[in-house]
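The structure appears right after this line, and notes come after that.
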Amino acid sequence: MTRQDGRPGDRSAREGRAMRVVPFDELGAAELDAWHALRAANPALDSPYFHPGFAAAVHASGRTVQVSVGTGGGEVAALLPHHREGRVLRPVGWPGADFQGPVLAAGTAFRPLDLLAGGATSYEFDHLVDQTPGFDPWVISRRPSPYLDVTGGLQGYLGRASKSGKDNMGQARRRAAKAEREHGTVRFAANSTDPGALALVIELKRAQYAATGARDYFADPDRVRLLEGLLRTRDGSFGGVLSTLHAGPRLLAAHFGLRADGVLHWWFPVYDPEFARLSPGWMLLRELVGAAPALGVSRIDLGRGEDEYKRRAKTGQTQVCQGVVTRNPVRRAAAVAMVRARSAVRSVRSRTQP
């Protein structure tokens, strides 16, 4: 009987399975073809973060991506792109990857400890898809990752949304009319290719980080290059999506996300604080939901978090996991303590926020 927990005693999971590490740009056609085929056959991997185009864009931005390639019976059976920092492995795109895990066929056994080779002592994850084979013993916590089912566009969404979601979309429609009266014609671009607009999104996001005391994701230049490269990526099945909402000459709100086939990931939303009273983020989200059919999108993933707008807008949610794969019990204990401390801080903030 084959064990599915991936712990050290799992001999059957190792039979005929070899793991090697390859720089992303040295993957051959066979590995890339297998990547596409494995992802297409596993519905749990439909997020853009599992598309090889994401790993390619991260690697091209100047941040080295390595891929653990598992083979069995002479065929590629699993791929896990990652970064190595000293002895620590982290998912490709970390800390900006909102879904993580190996690319493998549904139900395939996987031994996470096999990743710890060549001197690597741990694999840390914070957005692992729940129930990924073999990872359960290494999971420390789980948190919700909400999404919007936007099949049928705005009318389809409203038929599935909660009362709160419907109310906020109705308010967004009225506020858009108010913005038009006060500031000029409201214009929405669902899929802009304007690099100047992207630069403004990054500028507004960095200002938001500074105002809230959050770590500046874009302090590393390679992350700016990543978004610029994704904006230029237009291969039909994968790429960046830049959406903007203007009133007259002024940008009210914008969003930069990732799309792969029918899934759009809500990644970097911003708005001009001067227009905060109009809730421009909701206005933008309403327009994007309405544009979903034309974009070929049936689901918008909002990413992990319990933000109020996500709770109100969602039509459903999945779970993502945080944890660490390691043979070192001290390292695992430290990771558990850190996760619990952060959870306590979130709990206090949620009780004290108005």
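Here are some notes:
- Close pairs from segment 293-312: first closer than 27 Å to residue 342 by Cα and assigned to a loop (DSSP other than H, G, I, E, B), partner open to solvent by less than 70 Å² (accessible area, probe 1.4 Å) and polar (S, T, N, Q), Cβ under 7 Å, at least 6 apart: 303/145; 304/145
- Complete set of residues in segment 165-210 that are in a helix (DSSP H, G or I), among the polar types (S, T, N, Q) and over 17 Å from residue 300 (Cβ atoms): 171, 208
- For first residues located in segment 176-188 and basic (Lys, Arg), partners that are open to solvent by less than 70 Å² (accessible area, probe 1.4 Å) and lie 6+ apart or on another chain with Cβ distances below 6 Å form the pairs 187/246.
- With respect to the conditions (1) of a type in the set (S, T, N, Q); (2) surrounded by 16 or more Cβ atoms within 10 Å (Cβ to Cβ); (3) more than 23 Å from residue 48 (Cβ to Cβ), residue 243 lacks only one, and its number is (3).
- Only residues that are of a type in the set (Val, Ile, Thr) and farther than 16 Å from residue 98 by Cβ were counted across segment 211-265, and they come to 4.
- Identification of strands (runs of 3 or more DSSP E) wholly contained in segment 65-139 with 3 or more residues that are touching a Cys at 6+ places or on another chain (Cβ under 9 Å) yields 122-129.
- Condition met for residue 224 (of a type outside the set (Ser, Thr, Tyr) and open to solvent by less than 20 Å² (accessible area, probe 1.4 Å)): no
- Residue among 263, 324 that alone is of a type outside the set (Ser, Thr, Tyr), farther than 26 Å from residue 149 by Cβ and modelled with pLDDT of 95 or more: 324
- The set of residues in segment 61-92 being in contact with a Leu (Cβ under 8 Å, 6 or more places away or on another chain) and small (Gly, Ala, Ser) consists of 61, 68, 70, 77, 78.
- Residues in segment 152-169 include none that are under 23 Å from residue 37 (Cα atoms) and either within 21 Å of the chain's Cα centre (by Cα) or open to solvent by 20 Å² or more (accessible area, probe 1.4 Å) (or both).
- Residues of segment 282-296 that turn out to be open to solvent by less than 10 Å² (accessible area, probe 1.4 Å) and either in contact with a Gly (Cβ under 6 Å, 6 or more places away or on another chain) or on the phi > 0 side of the Ramachandran plot (or both), as a count: 1
- Condition met for residue 235 (surrounded by fewer than 19 Cβ atoms within 10 Å (Cβ to Cβ), touching a residue at least 12 places away in the same chain (Cβ under 8 Å) and charged (D, E, K, R)): yes
The values are calculated or read from the model by the stated rules, or taken from the named source; none is laboratory data. Because the structure is predicted, anything quoted here is derived from the model rather than measured. Backbone-built Cβ (ideal geometry, glycine too); neighbour counts: all protein chains shown. Protein only, heavy atoms only, side chains kept; ligands, DNA and RNA dropped before computing areas. Shrake-Rupley method; radii C 1.70, N 1.55, O 1.52, S 1.80 Å.
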